[in-house]
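The numbers here are math on the coordinates, done by the rules we state, and not lab data. Bear in mind that the values here come from a model prediction, so they are computed numbers and not experimental data. Quick reminder, even Gly has a Cβ in these numbers, built from the backbone with ideal geometry, and neighbours come from all protein chains shown.
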Amino acid sequence: MTSKRTPDGITILPRDLHFDMAAADNGPWLDGDPVATAIFNAMSLTFPEGERMFMDAVKAYRSEVSGKLAADVKDFITQEAIHSREHHLLNNKIDREKYPVAEIEAAIMEKITFGRSGGPFRMLLATICLEHFTAMMADLMFGFDVDGVPIFSKTDPALERLWRWHAMEETEHKAVAYDVFLEATKDWPAIKRYFRRSLSMLLITKHFTANIATYAAMLLEADGYSRKDADRAVKEFLWKKPALFGKGWKTWLSWFKPGFHPWDHDNRHAMDDWKAEFTPVAAE
């Protein structure tokens, strides 16, 4: 059994913040780019139900954790609930008469229902893998650019802050579900734990990346793109330039290192300025 856990100095603080979404009413809100907007809207559409599953996954193991981890689980749940609330509001800004939002949400719900049908442990496996993805993408927010120009540089400040706040808190709690997984499998042989989490990551990676690409292409088709052009534009953005998924390959690959722990990549320092900016507001 690995002895790694989240460092004691990592604290999780739910910040009950509200963001003005009005700028999302004015067409492509992310730097005026329909492709970037479609991809981030596609991700946002997955968050409300996905994060509810994350919350339920760790709730199922609350009786098996104690001390700091129990407190971290409570704060993780609160953070994810607030994220779900704010992204639900952003998602409501997508024009449902123009875009196939209902169709995408139905597809998301079908996948979430399948994940839940496997019981708490399968939900927990999905959660630790998807939390690794969100932390990987959040990490890119610290220096994500297109030809040297930071992404979100031409985005309404309130929407930019929404995504940066979300990225910060995803980084802050990136190991909570993983620590719960380690506790839930503490009596397992190390090779069994390694095999299950590695297989789960391969499956999640295949489906998550394909789903985001599909949903984004569907949104772009409503903007007048042909499906071929939509698929090409999404693939370019995700894997080539600016490579939202592609740039994180080293972080993704680290998952397969025996003895891996999310805080092996200690990027606390990168959040210092952001933490100072987002005046903590204690959530009930």
Check: Hey, what's the Cα Rg ratio for the chain versus the globular rule of thumb, 2.2 N^0.38 Å?
Finding: 0.97
Check: If you put +1 on each Lys and Arg Cβ and -1 on each Asp and Glu Cβ, how big is the dipole of the stretch 26-277 around its Cα centre, in Debye rounded to 20?
Finding: 940
Item checked: Relative contact order for the stretch 145-284, counting Cα pairs under 8 Å that sit 6 or more residues apart, in percent -> 29
Next item on the list: Would you please classify the overall shape of the stretch 40-105 from the alpha carbon gyration tensor, given that a ≥ b ≥ c denote the square roots of the eigenvalues, rounded means a/c under 1.5, and beyond that prolate means a/b larger than b/c while oblate covers the rest?
Entry: prolate
Item checked: Fewest-first ranking of Lys59, Lys192, using other Cβ atoms within 10 Å as the exposure measure -> Lys192, Lys59
Notebook entry, point to check: So how do His88, His83 line up by other beta-carbon neighbours within 10 Å, fewest first?
Noted result: His88, His83
Notebook entry, point to check: Once the other residues with Cβ under 14 Å from the Cβ of Phe121 are scored (Lys, Arg +1; Asp, Glu -1), what is the net sum?
Noted result: +4
Checklist line | Ranked by how many other beta carbons lie within 10 Å on average, peptides 223-229, 177-183, 21-27 from highest | finding: 177-183, 21-27, 223-229
Margin query: Which one, Gly50, Trp249, Thr134, projects farthest toward the positive side of the charge dipole computed for the chain from Cβ point charges (K/R +1, D/E -1)?
Written below: Trp249
Margin query: Could you work out how much longer the chain between Asp273 and Lys59 gets when fully extended? Use 0.36 nm per residue separation minus the Cα distance between them, nm to one decimal.
Written below: 73.9 nm
Notebook entry, point to check: What Kirkwood hydrodynamic radius do you get for the stretch 11-157 when you take the inverse of the mean 1/r over all pairs of distinct Cα atoms, in Å?
Noted result: 16.9
Notebook entry, point to check: How far apart, in nm, are the 7 Å Cα→Cβ label points at Leu202 and Ala106?
Noted result: 3.4
Note to self: As a footprinting exposure proxy, order Asp187, Asp72, Asp264 by other Cβ within 10 Å, with the fewest listed first.
What the structure shows: Asp187, Asp264, Asp72
Item checked: GluC sites (Glu not before Pro) lying in DSSP loop within the stretch 80-147, provided at most 10 other Cβ fall within 10 Å -> Glu97
Note to self: Please report, ordered by residue number, every helix of the chain (full DSSP H runs) that is 15 Å or longer along its axis going by C-alpha atoms and whose mean Kyte-Doolittle hydropathy reaches -0.5.
What the structure shows: 34-59, 67-91, 101-117, 120-140, 190-222
Check: So what is the relative contact order for the stretch 26-277, in percent, with contacts set as C-alpha pairs under 8 Å and at least six apart?
Finding: 28
